[in-house]
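Colleague: Before anything else, here's the structure in question.
Nothing in this text is a laboratory measurement; each read-out follows from the coordinates by a stated rule. Given the structure is predicted, the values throughout are model-derived calculations rather than measurements. Glycine also receives a Cβ, built like all others from the backbone with ideal geometry; neighbour counts cover every protein chain displayed.
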Amino acid sequence: MRKLGVLIAAALTVLTLTAPAAPAAQSAGWSCVADDVESNWTLLASGGSSYPFPHGIPPEGPKVITAWRVTVGPGLAPIRQRLEVFAIQNEDYEFKKLGESALETLVEGTNSFPTRIPVSEGNSVGLYGPEGTLFCNEGSAISWRYEGAAATGETKPFKTAVAVGTPVVVTVEDDRDNDGYGDETQDQCPSSALFHDPCPSVSIDARVVEKRRGAILIGVTTNVDTRIEVRGEAIWPRWGNTLKGVPKRIVKLNGGIQQMAPGVTAVFRVPLPKAVIRKLHKMRPRERLKLTMFVARLDHLEALPGQVTRVFAVKLPGRARRPAQR
Ligand SMILES: [Ca+2]
């Protein structure tokens, strides 16, 4: 029993060591309690005069703001506010607006709202309210203010607001596939930018559409956007034996590569090499030459689960007019 216990402990250790670390949500902004309001301000959080801002979006890859939180002190609510996201453009404190949340009505106490705004390292977050913008009086705080509202895409000159805190904290999630959806709570397929719902399992469907004299046509359908390559080979004799002086002959077939659209059948033309046609002419009509076809997915191999290659056989009848001679 003791040995079994040791083995289980060892197995658990391995599991613990190899389990990938779940990405942790991060936050940015100031957590002060709003205790004042100023009309016609767009206010951005800044931790000081240095760049990049300590209270801006953290580094390492694309991110998405998935929620924002404001704590409102007594006597100010209800008040409408929205989250504002800007990127600094130059040393003159001109900021470009990247996005905004919906306009929400805040009540006294802590307010939290979901949103979805793609961001990157160093972007600044803040607030704007049509009836006035919340801030907190805090001696150590510095914010950036612009007198007015900005539309997404506009660049505006900001000024320093000393002893003014911007009372908004945002939740930031990683966005590894860079699709604008937070990988923890918004993106159910964080391995592929093509999908936000659960990752589909790729299926490859392939069949013979037509057997012509000089080519075969293969119809291929996939359920995702991907590139597909069709190849094949003909091998004869099937029971080749080099020891008995009967070598195998292997002839490669090539149907090329095509870009697929989900659910749309693409037809691949696979020319029959001269060696295959010569072989067919030596075979009686009731004999069959077997071709092995490979239909392979070239894209999203690691991003999407499911089929990578589909293999199937195509049998071509012999074309000899008189009894074949071996
Ligand atoms: Ca994502």
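Colleague: Just want the answer: with Cβ charges of +1 for Lys and Arg and -1 for Asp and Glu, which residue in SER124, PRO59, ILE218 is farthest toward the dipole's positive end in the chain?
Modeller: Farthest towards the positive pole: ILE218.
Colleague: Taking square-rooted eigenvalues a ≥ b ≥ c of the alpha carbon gyration tensor, is the range 205-326 rounded, prolate or oblate, where a/c under 1.5 means rounded and, failing that, a/b exceeding b/c means prolate?
Modeller: The shape class here is prolate.
Colleague: Around GLU147, under 13 Å between beta carbons, what's the net of Lys plus Arg minus Asp minus Glu among the other residues?
Modeller: Surrounding charge for GLU147 is +2.
Colleague: Right, another one. To the nearest 20 Debye, how big is the dipole of the range 237-326 about its Cα centre, given +1 on the beta carbon of each Lys and Arg and -1 on that of each Asp and Glu?
Modeller: Roughly 1080 debye for the range 237-326.
Colleague: Based on the alpha-carbon gyration tensor of the chain and its eigenvalue square roots a ≥ b ≥ c, which shape applies: rounded if a/c is under 1.5, prolate if not and a/b is larger than b/c, or oblate?
Modeller: Prolate, since a/c reaches 1.5 and a/b exceeds b/c.
Colleague: If you take the beta carbon distance between PHE294 and THR185 as r and set R0 to 51 Å, what does 1/(1 + (r/R0)^6) give as a FRET efficiency, to the nearest 0.05?
Modeller: Given R0 = 51 Å and the Cβ-Cβ separation, E is 0.80.
Colleague: Just give me a number: lysine pairs in the range 172-326, eight or more positions apart or cross-chain, with C-alpha atoms less than 15 Å apart.
Modeller: Total qualifying Lys-Lys pairs in the range 172-326 comes to 12.
Colleague: Could you line up ASP174, ASP205, ASP197 from fewest to most neighbouring Cβ atoms inside 10 Å?
Modeller: ASP197, ASP205, ASP174
Colleague: If I fit a long axis through the Cα atoms of helix 2-18 and take the longest principal axis of the Cα atoms of the chain, what angle between them do I get, 0 to 90°, rounded to 10?
Modeller: 70
Colleague: What order do you get for PHE195, PHE294, PHE95 when you list them from fewest to most C-beta neighbours inside 10 Å?
Modeller: Final ranking by Cβ density, sparse to dense: PHE294, PHE195, PHE95.
Colleague: List the GluC sites (Glu not before Pro) in the range 53-109 that DSSP assigns to loop (not H, G, I, E or B) and whose Cβ has at most 15 other Cβ atoms within 10 Å. Which are they?
Modeller: Passing both the DSSP loop test and the Cβ count: GLU60, GLU91, GLU108.
Colleague: Another question, then. Only loop residues by DSSP count here, and only those with at most 10 other Cβ atoms within 10 Å; note down the trypsin sites (Lys or Arg not before Pro) in the range 114-182 that meet that.
Modeller: In loop regions of the range 114-182 (DSSP not H, G, I, E or B), there are no sparsely surrounded trypsin sites (Lys or Arg not before Pro).
Colleague: Now a separate question. Rounded if a/c is under 1.5, else prolate if a/b is larger than b/c, else oblate: which is the range 53-110, with a ≥ b ≥ c the root eigenvalues of its Cα gyration tensor?
Modeller: prolate
Colleague: Expected output is a single nm value to one decimal: the length gained when fully extending between ARG213 and VAL107, i.e. 0.36 nm times separation in residues minus the C-alpha distance. What is it?
Modeller: Full extension from ARG213 to VAL107 adds 30.4 nm.
Colleague: Dipole of the chain, Cα-centred, from +1 at each Lys and Arg C-beta and -1 at each Asp and Glu C-beta, to the nearest 20 debye?
Modeller: Taking the Cα centre of the chain as origin, the dipole is about 5860 debye.
Colleague: Would you list LYS290, LYS96 from fewest to most Cβ contacts within 10 Å?
Modeller: LYS290, LYS96
Colleague: Ok, one more. With the crude spin-label approximation of a point 7 Å out along Cα→Cβ, what separation in nm comes out for GLU154 versus GLU60?
Modeller: Going by the 7 Å Cα→Cβ label model, 3.6 nm.
Colleague: Then there is this: Percent relative contact order of the range 211-265, based on C-alpha pairs within less than 8 angstrom and at least six residues apart?
Modeller: Once normalised by length, the contact order is 47 percent.
Colleague: Give the relative contact order (percent, whole number) for the chain; include only Cα pairs under 8 Å separated by 6+ residues.
Modeller: 16
Colleague: State, to one decimal in nm, how far the label point of LYS248 lies from the label point of THR309, with both points 7 Å from Cα in the Cβ direction.
Modeller: With each label point 7 Å from Cα toward Cβ, the separation is 1.4 nm.
Colleague: Modelling each spin label as a point 7 Å along the Cα-to-Cβ direction, I'd like the ARG278/SER203 distance in nm, to one decimal.
Modeller: 4.3
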